[in-house]
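Before any comments, here is the structure.
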Amino acid sequence: MQVEKFSYDNQVVKQFAIATVLWGAVGMLVGLIIAVQLYLPELNLGIQYLTFGRIRPLHTNAVIFAFVGNMIFGGVYYSLQRVCKARMFSDFLSQFHFWGWQLIIVLAAVTLPLGFTTGKEYAELEFPVDLLIAVVWLSFGANMIGTIIKRREKHMYVAVWFYIATFVTVTILHVVNSIEVPVSFLKSYPVYAGVQDALTQWWYGHNAVAFFLTTPYLGLMYYFLPKAANRPVYSYRLSILHFWALIFIYIWAGPHHLLYTALPDWAQSLGTVFSIMLLAPSWGGMLNGLLTLRGAWDRVRDNPILKFMVVAVTAYGMSTFEGPMLSLKNVNAISHFTDWTIAHAHVGALGWNGMLTFGVLYWLVPKMWDTQLYSKKLANLHFWISTLGIVFYAVPLYWAGITQSLMWKQFTPLGILQYPNFLETVLQIIPMYILRSIGGFLFLCGILLSAYNLIKTARQGSFIKNEEAEAAPYKNEKDQIKRGLIHRWLEKRPVQFALLSTVVVLIGGLVELIPTYLVKSNIPTIASVKPYTPLELQGRDIYIREGCNTCHSQLVRPFRSETERYGEYSKAGEFVYDHPFLWGSKRTGPDLHRVGGKYSNLWHYLHMEDPRQMSPGSIMPPYPWLLTQVLDTTTTQAKISVMRSLGVPYEKGYENFANEDLENQANKIADDLLNNGIPAESNAEIIALIAYLQRLGTDIKGGAK
């Protein structure tokens, strides 16, 4: 049989590995800064670009798309070439992908602190960057599919299945969730509003976790764990069940982020049911990973690489058990909007993604530099520091989350809220926030330690840029589907495999999204709900720019504890003009959906100037720049026009005199402040923000108490 000689491209893997460590350190550092800001808000140094609301999305994007993303691509480029026995389809596409992805990360690092954000969690980047993401992602997909098609290995290994599913699903998620209408170069509004936007966002948000943070990492697990353990995967049949069940069920689970909201009950129920079902394939994958180590457990004690991988797979099992449990309505009633959710997310991010990343890097770097790991002792020290860091991070936040929820819901024997002041619940958990930041500091130290160890490893070896290999060419012969071997037949056909994966993934999304978009009874309208005035619309955009929605929800759930604290529970029809929705996912501060009319204009002005003069002990940072920065009214006309194109019923031609209404409303607020001793300029941004806050919840009866 003829044998062909070729080489594997290690250069691109090296680049992604370096980027992984670099951006990991940056992302964790930003995370540590915002963690400390939760009890020392002065840490932003009075700079508007360093506030919690501005850099919190920078942290999440850096960890998800920079740290984890670069590891995904590095791991895929290394493993795919070897299981396909082929060099990547195009060296140009590999380099275009690498540098394009780094450009996206840099653009995120610049635009997010500057306040250019959509306000949609995990999808904050504005449309020009979204377009660049699409181009770079498609280049990655073309390179990957091209490599699979020209492979020399007949069957696609299990890791490749997960890579294919990742590509097709993330493409769909990104396109659907990113449909928006530009207002200006770095400002846009999503086409969806209110309930529809919420469902679309969490269909995307949950499945970004599923198909960016999970499925590609499962592919890496299926390749690198057997390699590190020098053992075959435990069960081929289990891997088939794991894969198809996971990609089919996962896509349905997004609505479990929206339990007890204005989302239709049928959609909430679907999210809960499929979230519970998700436990089976998730644990099937975890067990397949752990049982791969059968007969090799004695080596785990001496092998730091296996230690990282074992903890990673275990953390995957823990987080995928906890996720379905949090999807039960009675549990979600306690956990949602609290720090419990943050703890859960970080067990997955730090435990599953972080620890597997380090295990892969410690295995990968010595291989590519043809040497041994510089120091197993340092790797072991890194393992224990990181593990301890995860414990110090997660446990205090679990405690904080339960404390928050119980305090929010506690009534006195007379039926009165025991803690009516939200700030009381915040001050109670400050010690847990301090412990959490210690955990984050330990994890960051671990990253820096790994960087040193990996650099020393590389320096003592010699990098193999093009790794020589040889294999017989694959002849694509026609064959019939034999009984019991259907999947073997499918594994030889990457295009059909990708198409079938797409169909399986689309089913759940279509069933949930289409009725919500097209059936009007799912979102009953309320006649008293009117569009925002031009000044309120500008104020809402300032609210989003400053990231206020990262700490404040705008959704009152139908619990007595919430209606007593905030006012009438939220209705679907109240959000029909909200592009984007702002229900929030975490309450570091109180809910604001019924805040309109609860406080005076003067109170809001002084609160934004320095929150502690109105709420002693508040951990909210001051926003003095809002008092002096001039509102940009040149955008009003475009914003009104775009909103009308999205179905908001502004009368035709209203944009031509919208600024007149804006000025009239601004003058009334400025006059009111002047009457109370505050000579505020009517064109200051604070005026627009006050107008927006005073509007919230006033369209229906039953406002804040």
S501: passes all of (1) within 29 Å of V83 (Cβ to Cβ); (2) more than 33 Å from the chain's Cα centre (by Cα) but (2)
Check on K187, out of contact with any His (no Cβ under 9 Å at 6 or more places or on another chain), of a type in the set (K, R) and crowded, with 23+ Cβ neighbours inside 10 Å: no
For the stretch 524-563: of the residues being β-branched (V, I, T) and within 27 Å of K187 (Cα to Cα), which is surrounded by the fewest Cβ atoms within 10 Å (Cβ to Cβ)? V529
Of the conditions (1) under 22 Å from the mean Cα position of the chain (by Cα); (2) farther than 30 Å from E568 by Cβ, L293 fails just one. Which one is it? (1)
Inspect the stretch 676-696 for any residue being at negative phi, in a loop (DSSP other than H, G, I, E, B), in contact with a Gly (Cβ under 9 Å, 6 or more places away or on another chain) and not polar (S, T, N, Q) and give the result as yes or no. yes
Take the residues in the stretch 516-537 that are among the aliphatic types (A, V, I, L, M) and part of a helix (DSSP H, G or I); name whichever of them is nearest to K639 (Cα to Cα). L537
Pairs only if they're at least six apart or on different chains, beta carbon under 9 angstrom, first in the stretch 572-589 and assigned by TED's automatic domain parsing to the domain that holds G119, second acidic (D, E) and crowded, with 21+ Cβ neighbours inside 10 Å; list them, first residue then second. none
Single unsatisfied condition, F127 versus (1) surrounded by fewer than 22 Cβ atoms within 10 Å (Cβ to Cβ); (2) in contact with a helix residue (DSSP H, G or I) (Cβ under 9 Å, 6 or more places away or on another chain): (2)
Condition first: at pLDDT 95 or above and over 20 Å from T60 (Cα atoms). Can you find one or more residues in the stretch 99-110 that meet it? yes
Considering the stretch 84-98, residues that are in contact with a Ser or Thr (Cβ under 9 Å, 6 or more places away or on another chain) and outside any helix (DSSP H, G or I), and then whichever is farthest from E153 (Cα to Cα), we arrive at S90
So for the stretch 575-594 (the condition being under 30 Å from the mean Cα position of the chain (by Cα) and not in a loop (DSSP other than H, G, I, E, B)), does at least one residue qualify? yes
I'd like to know if the stretch 34-44 contains one or more residues that are crowded, with 21+ Cβ neighbours inside 10 Å and not aliphatic (A, V, I, L, M). yes
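The values are calculated or read from the model by the stated rules, or taken from the named source; none is laboratory data. Here the structure is a predicted model, which is why all the values come from computation and not from measurement. Cβ sites come from the backbone with ideal geometry, for glycine too, and all protein chains shown count toward neighbours.
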